[in-house]
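Just below is one structure, and these are the notes that go with it.
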Amino acid sequence: MALPKSHNYDSKHIFDIMVIGSGIAGMAASLFAVNRKLSTVQAGSAGGTLFTSGLFDLLSVYPVEEKKLWSRPWDAMAALRASGSHHPYTRVSDENIQRSFDEIVSFLNAKGMKFHYDKNLNQKMITSMGTLKYSYCVPESMWAGVEAYEKKAPCLIVDFKGLKEFSARQIAATLQEEWPAIRPLRVEFPGMSGRTEIHAVHLARALELSATRVELAALIKPRLCDAVSVGFPAVLGIKRTQVILAHLHQLLGVPVFEIPMMPASVPGFRLKEIFDSELPQMGLLRLIDKRVDSVARTDRGNFLLTIGGYEETHTIQARAVILATGRFMGKGLLSDRKGIYEPLFNIPLFQPENRMAWHHEQFLHPAGHPINSAGVEVDDTFRPVDGTGSVIHDNLYAAGSILAHQDWMRMKCGSGLAISTAYAAVNAAIEKFINKQDRITA
């Protein structure tokens with residue numbers, strides 16, 4: 001969808017949905033919107049999805065203060081609802097949460113980033129720290145690691161000289177007691193001899209070349225010994241991961257798998273590549289690295305958004321807006337000495353009464369800090385509300401980590417929160433259009 005030469009839209013150019021934000025919530029909202037044939041425009045930074053591990057968590061820790069782990073996420077969801085929590089999950093049915101996962105995973109599978117998941121179970125994963133975590137949807141590139149941990153069979157973990165954020169020795173040492181047959185190996189990555197520091201993305205791009213894979217396998221295979229699987233840091237390519245996995249399996253004679261790393265991650269780059277390349281072909285207008293500078297309402301109640309960038313300004317008119325700008329890192333929330341605030345729509349926030357109540361005295365307090373649950377409060381259709389519960393704008397919706405009453409990092413529900421609330425917000429906007437305008441069919 002091309003921009004007019006003026007880069008401005010008059011009343012003839014009215015989008016159904018404007019998505020603000022390009023993290024998982026923003027990209028999911030854009031996907032759900034274009035899948036439903038809504039004319040959709042999105043603004044946000046280019047790197048919102050890079051700060052993901054590639055895993056799609058649903059819910060695995062609740063209550064946070066007890067650090068209770070759940071292998072069955074829907075049981076955890078039932079406990080969350082029974083507790084009287086105001087977590088955003090309580091506003092989406094289990095059925096719709098599952099549908100949201102099914103839709104985004106189906107899209108990614110079709111575009112070459114395949115996922116494994118049992119709809120009733122979380123999977124136990126090893127991390128780059130050697131710790132364990134539960135996750136719901138696991139990239140196929142990591143699946144052999146789930147199976148390797150379950151079997152506890154002899155396994156070789158490989159790292160590379162100069163890759164600072166991944167230590168095979170630490171992983172093996174941490175897991176040694178429960179997995180005695182795990183063993184570390186450090187090698188020098190082909191073509192990067194003598195470097196004191198190397199980066200995951202550079203390794204991923206190098207592994208796109210068949211010759212690099214052959215050379216790497218030649219370094220590892222003589223040291224396999226009894227290992228029946230090999231784990232690598234999550235650097236096995238960006239666009240051709242399935243080919244790389246299969247080739248390394250062939251060269252080494254055993255299954256290989258990736259271990260998720262800290263952000264910014266290569267699996268995050270994979271997600272970004274797919275969303276950036278595929279969604280515009282499906283009809284999304286993406287204004288990359290553009291920020292929404294101001295918002296106004298037209299006489300008809302539509303939003304008029306001024307969007308700035310390095311070289312030019314766009315004016316966009318939309319019937320509805322989905323706010324998916326994230327928290328402090330994404331600048332969806334800001335703070336000053338008076339408190340926390342939402343800078344674009346000036347939405348009143350749920351937050352502690354004063355700055356002194358933002359944090360517990362203990363930095364590692366088991367319940368987390370009160371500031372973590374600050375954010376935008378919404379009604380059952382994910383429209384932001386004020387302190388009295390009144391809807392602020394009837395065509396403004398919010399999704400993702402900007403929402404109040406959740407601590408996604410400690411609850412291990414970040415992707416599920418983003419995906420399911422984006423799904424709910426898009427469908428709620430469609431219901432409004434159907435009921436009041438009778439112009440769009442979901």
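The values are calculated or read from the model by the stated rules, or taken from the named source; none is laboratory data. The model shown is predicted, which means the values in this text are computed figures rather than measured ones. Cβ coordinates were reconstructed from backbone atoms using ideal geometry, including for glycine residues, and neighbour counts include every protein chain displayed. Surface accessibility is based on the protein's heavy atoms, side chains included, excluding ligands, DNA and RNA. Shrake-Rupley method; radii C 1.70, N 1.55, O 1.52, S 1.80 Å.
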Next on the checklist: Please report the carbon-and-sulfur percent of the accessible area for the stretch 128-260; probe 1.4 Å, protein heavy atoms only, DNA, RNA and ligands left out.
Outcome noted: 53
Next on the checklist: Please list, in order along the stretch 116-130, the HN-Hα scalar couplings obtained from phi with the Karplus expression 6.51 cos²θ - 1.76 cosθ + 1.60 (θ = phi - 60°), rounded to whole Hz, x for Gly and Pro.
Outcome noted: 10, 7, 9, 4, 10, 10, 7, 9, 8, 10, 8, 10, 5, 8, x
Checklist entry - Mean residue ellipticity at 222 nm from the helices of the chain, using -39,500 (n - 2.57) per DSSP H segment of n ≥ 4 over the full residue count, to the nearest 500 deg cm²/dmol? => result -9000 deg cm²/dmol
Checklist entry - Mind listing the phi-derived Karplus ³J(HN,Hα) values for the stretch 16-25, rounded to whole Hz, using 6.51, -1.76 and 1.60 with θ = phi - 60°, and x for any glycine or proline? => result 6, 10, 10, 9, 10, x, 10, x, 4, 5
Checklist entry - Of Asp159, Asp299, Asp394, which has the largest mean-square fluctuation in a 10 Å C-alpha GNM of the chain? => result Asp299
Checklist entry - Using alpha carbon centroids, what distance separates the stretch 340-400 and the stretch 83-141, in Å? => result 25
Next on the checklist: Checking the table Lys111/Lys133; Lys164/Lys272; Lys37/Lys111; Lys68/Lys412; Lys331/Lys432 against a 21 Å threshold on Cα-Cα, which pairs fail?
Outcome noted: Lys111/Lys133; Lys164/Lys272; Lys331/Lys432
Next on the checklist: With the crude spin-label approximation of a point 7 Å out along Cα→Cβ, what separation in nm comes out for Ser390 versus Asp102?
Outcome noted: 4.0
Checklist outcome for this item: antiparallel share of DSSP beta bridges within the stretch 101-221, to nearest 5, in %, is 50
Next on the checklist: If the only charges are +1 at each Lys and Arg Cβ and -1 at each Asp and Glu Cβ, what is the size of the charge dipole of the chain around the Cα centre, to the nearest 20 debye?
Outcome noted: 660
Checklist outcome for this item: All alpha-carbon distances of the stretch 304-442, grouped into 10 Å bins from 0, give the whole-percent distribution 11, 36, 34, 15, 4, 0
Checklist entry - Sorted by accessible area with a 1.4 angstrom probe, largest first, how do Val243, Val61 fall? => result Val243, Val61
Checklist outcome for this item: Here the relative contact order (percent) of the stretch 128-260, from C-alpha pairs under 8 Å and at least 6 apart, is 31
Next on the checklist: Leaving out ligands and nucleic acids, and using a 1.4 Å probe, what accessible area per residue does the stretch 128-260 come to in Å²?
Outcome noted: 44
Checklist entry - Which of the aspartates and glutamates could be linked to Lys151 by a straight reach, that is with a Cα gap under 14 Å, when you skip same-chain ones fewer than 8 residues away? => result Glu178
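Work out, step by step, the length gained on full extension between Ser335 and Glu361: first 0.36 nm times the residue separation, then minus their alpha carbon distance; give nm to one decimal.
So the chain would gain 7.4 nm between Ser335 and Glu361.
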Item to check | Rg(Cα)/(2.2 N^0.38 Å) for the stretch 128-260, N = residue count | outcome: 0.97
Checklist entry - Does anyone have the angle between helix 210-220 and the longest principal axis of the chain? Alpha-carbon axes, 0 to 90°, nearest 10? => result 50
Checklist entry - Over all directions, what mean area does the Cα convex hull of the stretch 211-254 project, stated in square nanometres? => result 3.0
Checklist outcome for this item: Cα-based Rg and Dmax for the stretch 124-206, in Å, come out at 13.6, 39
Checklist outcome for this item: Computed over the chain, the convex hull of the Cα set has an average projected area, in nm², of 23.0
Item to check | Met129 accessible area, 1.4 Å probe, all protein chains in place, Å² to nearest 10 | outcome: 90
Checklist entry - If you line up the long axis of helix 241-252 against the longest principal axis of the chain, both from Cα atoms, how many degrees apart are they, to the nearest 10? => result 10
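Tell me, what is the Rg over Rh of the stretch 1-131, with Rh the Kirkwood radius over Cα pairs?
On the way: Rg = 18.4 Å, Rh = 17.6 Å.
Result: Rg/Rh = 1.04.
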Checklist entry - Any idea what angle helix 73-82 forms with the longest principal axis of the chain, computed on alpha-carbon atoms, 0 to 90 degrees, nearest 10? => result 40
Next on the checklist: Give me the one-decimal nm value for the distance between modelled label points at Val201 and Lys164, 7 Å along each residue's Cα-to-Cβ direction.
Outcome noted: 1.6
